[in-house]
Amino acid sequence: MADSIRPVRGMNDVLPEARSAWAAVDVAAEEIFEAYGYRRIRIPAMERTELFSRSIGETTDIVQKEMYTFEDRNGSMVTLRPEATAGIVRAGLSHGLFHNQQQKLWCSGPMFRYEKPQKARYRQFHQLDVEAIGYAGPEVDAELIVMSARLWERLGLESPMLELNSLGTPQARAGYREALQAYFSQSRDKLDAEGLQRLERNPLRILDSKNPDLEALIAEAPELTDYLDDESKAHFERLQQLLDDVNVGYELNTRLVRGLDYYSRTVFEWVTDRLGAQSAICSGGRYDGLVAQLGGRDTPAIGWALGIERVVELIEAEELQIVEPLPHAYLAMAGERAQRKGFAIAEELRMRVPGVRLSMDCLGGSLKSQLRRADRSGARMALILGDEELDVGQISVKALREDTPQVRLTVGATASALLRVREESP
């Protein structure tokens with residue numbers, strides 16, 4: 001017997017048992033996005049490598065260590081997308097979506113990063129991504145943050161906590177960069193190898209270090225808020241007022257810098273204490289310079305992304321009960337005639353009652369064994385088809401969760417009964 005083929009490390013199967021939580025996230029997100037006027041866009045899983053090196057930044061861990069990059073048969077360097085923002089901006093520029101207009105867009109799908117697999121963190125992972133492009137004011141910053149807060153509420157999650165910061169304009173950040181370089185240069189002997197590398201290329205990334213030995217040094221570093229320009233301060237203060245007005249709580253975190261080079265002004269993360277050291281479940285911020293950086297005009301923009309695996313893991317950690325959609329009805333067929341006709345009758349019922357969950361027995365055997373399977377399926381009712389029913393053009397309907405008598409109904413009346421069950425079921 002040949003050895004079975006094992007999955008690629010870091011590529012995770014999502015089994016049917018997990019579908020309820022995944023579906024809950026997908027459905028809640030889509031309903032919220034549509035309620036706020038965001039439209040879905042689908043982008044390729046593979047882009048030219050240059051897109052990510054120009055947008056994310058040459059000095060980031062993603063570009064230097066984590067991207068799945070290879071040469072295709074035409075000699076072009078291509079990369080499996082590590083995130084969605086750059087691809088959405090590229091798509092907008094390719095199709096003229098940002099020319100004298102604003103866009104509110106969202107997408108979902110797999111992303112790829114070559115990093116050490118951990119709990120709910122895989123090399124192929126899935127994200128929900130939301131972007132508002134062409135909006136400069138803090139109102140859209142608040143809208144995006146509130147949308148994420150509404151998602152936690154819809155799912156019943158209680159532990160996510162919002163952290164906020166402002167990175168200011170690139171000009172303000174340049175002065176802060178110089179101050180950080182001067183500060184950390186005085187303590188080169190305390191920096192690890194990664195910190196020394198970041199010191200020369202992007203000292204703000206040192207603030208994002210996960211090395212506990214650097215905590216004290218980082219805690220005494222200059223504060224970014226001392227270098228913000230007046231316009232960025234006003235923008236950030238207005239954002240806080242808007243969040244206060246709708247009772248969305250937050251904490252200010254002046255060390256929150258985010259790992260991608262394209263961010264400016266508002267940055268934020270939703271974090272939780274229920275998933276161990278990897279606490280972030282949703283992150284985002286402004287990237288007002290990215291559209292121009294990729295060949296377009298100066299265009300303000302903001303967005304966020306969440307890891308679906310992380311949110312599903314949090315649903316489990318908070319022990320939330322996501323109801324598994326069970327069949328509304330189960331069709332049992334006794335005899336050869338019923339087996340032959342049952343398929344068409346099941347299809348007719350599904351056509352008459354859109355959205356009904358009707359399972360048809362495909363194993364055969366005695367009617368008694370089929371009804372046992374109907375009961376185990378969790379269906380509300382069993383539909384029984386045999387020679388007697390076929391002779392009179394009816395279906396026997398047996399309640400499986402209520403103590404009511406079995407009845408025979410026409411196909412039309414059976415459809416009406418299924419409609420009532422569908423409307424009463426979760």
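Among residues of the range 406-426 that are touching a residue at least 60 places away in the same chain (Cβ under 8 Å), none has a Cβ under 8 angstrom from a residue that is assigned to a strand (DSSP E or B) and of a type in the set (Lys, Arg) at a sequence gap of 6+ or on a separate chain. When the range 226-238 is filtered for residues that are touching a Ser or Thr at 6+ places or on another chain (Cβ under 6 Å) and part of a helix (DSSP H, G or I), the ones remaining, listed by number, are SER232, PHE236.
Criterion first (surrounded by 17 or more Cβ atoms within 10 Å (Cβ to Cβ), under 25 Å from GLY284 (Cβ atoms) and in the same structural domain as GLY285 (by TED's automatic domain parsing)) does ASN202 satisfy it? No, not satisfied.
Across the range 74-131, the number of residues qualifying as of a type outside the set (S, T, N, Q), out of contact with any helix residue (DSSP H, G or I) (no Cβ under 8 Å at 6 or more places or on another chain) and more than 19 Å from SER53 (Cβ to Cβ) comes to 9.
When the helices (runs of 4 or more DSSP H) confined to the range 1-116 are screened for residues that are over 19 Å from ARG286 (Cα atoms), at pLDDT 95 or above and not hydroxyl-bearing (Ser, Thr, Tyr), those reaching at least 2 such residues are found at 19-35.
In this structure, does ALA415 turn out to be over 24 Å from VAL323 (Cβ atoms) and in the same structural domain as GLU336 (by TED's automatic domain parsing)? Here the answer is yes, as ALA415 does meet what is asked. When each of LEU331, LEU383, LEU419 is tested for being under 30 Å from TRP22 (Cβ atoms), of a type in the set (A, V, I, L, M), part of a helix (DSSP H, G or I) and at pLDDT 95 or above, the lone residue that passes is LEU419. Looking only at the range 294-328, which residues are modelled with pLDDT under 95, closer than 21 Å to ALA91 by Cβ and hydrophobic (A, V, I, L, M, F, W, C)? LEU294, the sole residue that qualifies. The condition of being touching a Lys or Arg at 6+ places or on another chain (Cβ under 6 Å) and under 22 Å from GLU58 (Cα atoms) holds for LEU207.
With respect to (1) part of a loop (DSSP other than H, G, I, E, B); (2) over 19 Å from ILE145 (Cα atoms), the lone exception for ASN247 is condition (2).
The values are calculated or read from the model by the stated rules, or taken from the named source; none is laboratory data. Model, not experiment: these values are computed from the prediction. Backbone-built Cβ (ideal geometry, glycine too); neighbour counts: all protein chains shown.
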